[in-house]
Amino acid sequence: MLVIFLRTTLVYLLIIWMMRLMGKRQLGELQPSELVSTILISNLASISIEEPELPLLSSVLPVVLIASFELVLSFVCLKSRKIARLISGRPIIIIKNGIIDQQALRILRFTIDDVLEALRAKDIFDPAEVTCAIVETNGSVSVYRSWEADMPSRSDLGLQFSHPQRPMMPFVSDGEVLEKNLFWCKKNPDWLKQVLSQNRVGLSDVFLLMGNDTEEYTLTKKSQHG
Amino acid sequence: MKRTTVAVWLLILTLAIGIFSSFFVHRCFKSIDQLLAQAQEACAVQDYESCREISALATEYFMKQEHLLALFLRRDYLRSLSTDISALSEYSRAEYAQDFLFESSKTRTELAAIKHLFFSII
């Protein structure tokens, strides 16, 4: 039993390390090679946990190998567009100027229901509103709406320039100061001290402090219970 | 770039482990097989003292390497091999000569089978 405990712990830590090594791309929408490596790694990892007869290396080595291949391959794809296209394919346009490209759908083995579903996910109920829709290499659909159907921007409406330029960012998270966010919003530790003293709280009492490049901020204190 | 460097080093490491394991398993199994062959020859010429010594040597050699072999081979295979090799010394007597030859041949066949499983790609 202790052996299973140790093996599981080792494999678990290894997988976390491998996923961290492979980076955020593995956690977001996956390219084909990334999907393959994620599936393989998860299957291989379970082998040595389920079968104590097998040596740990028979699971660990393939996992490390696959993660390394994935990293090297992504580096090579970065340097060579040809290889990137070979591995991941290329984006395909399925709607042009409101007209659905049926040939492209046949190539992709997309049904019209798949297209309509993808459009509805973008709050589009009429393909005629779409100037361009592209199926990306990771299977997601990117849509560019026609001028008539698109939402107007502030500049379209002739609205005056107004603050804030920066979004609301966390300045303090669970008592820890996030200095990069502070400086990005043109604030400094003195401003933070001022806010804390105005609200009569110490840094360790702050659960969340959000702010932007204006004077507005939101402070949430830590609750007493839990 | 740092990730790629780590990946390259990991690739080199896994390759090194793979090459080491191949050489190690090949060398161990070859040594044990040679010892068993010598023991069989000794038994065939009725030199049971040498036969017992060589069998004991084979057992001792296997026991020494077993923990490292366990890193690369299935434990149930190694357990079966361990049992077979350990029993050989008991058969190295005049009255059990045929049994010794049979058991040692069986053990050598098992060695060859495990080696084939380890090195085969398909």
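The values are calculated or read from the model by the stated rules, or taken from the named source; none is laboratory data. Remember, predicted model here, so these are calculated numbers, not experimental data. Reconstructed Cβ throughout: ideal geometry from the backbone, glycine too, with neighbour counts over all protein chains shown. With ligands, DNA and RNA removed, areas are computed over all heavy atoms of the protein, side chains included. Shrake-Rupley method; radii C 1.70, N 1.55, O 1.52, S 1.80 Å.
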Those residues of segment A:48-57 which are part of a helix (DSSP H, G or I) and modelled with pLDDT under 85, in sequence order:
A:Ser48, A:Ile49, A:Glu50
When you go through (1) surrounded by 11 or more Cβ atoms within 10 Å (Cβ to Cβ); (2) modelled with pLDDT under 95; (3) over 30 Å from A:Ala84 (Cβ atoms) one by one for A:Leu208, which number turns out not to apply?
(2)
Looking only at segment A:185-226, which residues are aliphatic (A, V, I, L, M) and outside any loop (DSSP other than H, G, I, E, B)?
A:Leu192, A:Val195, A:Leu196, A:Leu203, A:Val206, A:Leu208, A:Leu209, A:Met210, A:Leu219
Just give me the residues in segment B:74-94 being assigned to a helix (DSSP H, G or I) and either at pLDDT below 90 or of a type in the set (A, V, I, L, M, F, W, C) (or both), in sequence order.
B:Leu78, B:Leu81, B:Ile85, B:Ala87, B:Leu88, B:Ser89, B:Glu90, B:Tyr91, B:Ala94
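A quick yes/no check of all residues on (1) modelled with pLDDT of 80 or more; (2) more than 19 Å from A:Gly139 (Cβ to Cβ); (3) hydroxyl-bearing (Ser, Thr, Tyr):
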residue: A:Arg7; (1), (2), (3): no, yes, no
residue: A:Leu13; (1), (2), (3): no, yes, no
residue: A:Gln31; (1), (2), (3): no, no, no
residue: A:Ile41; (1), (2), (3): yes, yes, no
residue: A:Ser46; (1), (2), (3): yes, yes, yes
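Looking at A:Glu34, A:Glu70, which is the one that is under 23 Å from the mean Cα position of the chain (by Cα), open to solvent by less than 40 Å² (accessible area, probe 1.4 Å) and facing chain B (nearest Cβ under 10 Å)? Give the steps one after another, and end with the answer.
Values: A:Glu34 fails: facing chain B (nearest Cβ under 10 Å).
When all the criteria are applied, what remains is A:Glu70.
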Within segment B:107-122, take every residue that is among the polar types (S, T, N, Q) and under 13 Å from B:Asp33 (Cα atoms) and give me the one that is least open to solvent (accessible area, probe 1.4 Å).
B:Thr107
Which ones in segment A:124-142 are closer than 18 Å to A:Gln102 by Cβ and either of a type in the set (D, E, K, R) or open to solvent by less than 40 Å² (accessible area, probe 1.4 Å) (or both)?
A:Asp126, A:Pro127, A:Val130, A:Cys132, A:Ala133, A:Val135, A:Val141
Picking from B:Ser104, B:Ser80, B:Ser92, the residue that is under 25 Å from B:Glu41 (Cβ atoms), more than 14 Å from chain A (Cβ to nearest Cβ), free of Cβ contacts under 8 Å to residues at least 60 places away in the same chain and surrounded by 14 or more Cβ atoms within 10 Å (Cβ to Cβ) would be B:Ser92
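Could you please find all residues in segment B:37-53 being hydrophobic (A, V, I, L, M, F, W, C), open to solvent by 40 Å² or more (accessible area, probe 1.4 Å) and under 19 Å from B:Lys106 (Cα atoms)?
B:Ala44, the sole residue that qualifies.
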Subset of segment B:85-104 [over 20 Å from B:Phe29 (Cβ atoms) and among the polar types (S, T, N, Q)]:
B:Ser92, B:Gln98
Being open to solvent by 80 Å² or more (accessible area, probe 1.4 Å), within 14 Å of chain A (Cβ to nearest Cβ) and either of a type in the set (Ser, Thr, Tyr) or free of Cβ contacts under 8 Å to residues at least 12 places away in the same chain (or both) narrows it down to one residue among B:Lys2, B:Lys64, B:Lys30; which is it?
B:Lys2
Within segment A:37-63, residues being without any contact (Cβ under 8 Å) to a residue 24 or more places away in the chain, of a type in the set (A, V, I, L, M, F, W, C) and either facing chain B (nearest Cβ under 9 Å) or surrounded by 17 or more Cβ atoms within 10 Å (Cβ to Cβ) (or both) number 4
Find the residue count for segment A:145-184, including only residues that are surrounded by 12 or more Cβ atoms within 10 Å (Cβ to Cβ) and closer than 30 Å to A:Leu108 by Cβ.
4
Taking A:Ile66 as the residue in question, decide whether it is touching a strand residue (DSSP E or B) at 6+ places or on another chain (Cβ under 9 Å) and in contact (Cβ under 8 Å) with a residue 12 or more places away in the chain.
no
Would you check which residues across segment A:73-123 are more than 24 Å from the chain's Cα centre (by Cα), farther than 30 Å from B:Thr4 by Cβ and open to solvent by 60 Å² or more (accessible area, probe 1.4 Å) and list them?
A:Lys96, A:Asn97, A:Ile99, A:Asp101, A:Gln102, A:Gln103, A:Arg106, A:Ile107, A:Arg109, A:Thr111, A:Ile112, A:Asp113
So which residues in segment B:5-27 are touching a helix residue (DSSP H, G or I) at 6+ places or on another chain (Cβ under 8 Å) and more than 11 Å from chain A (Cβ to nearest Cβ), if there are any at all?
B:Ser22, B:Phe24, B:Val25, B:His26
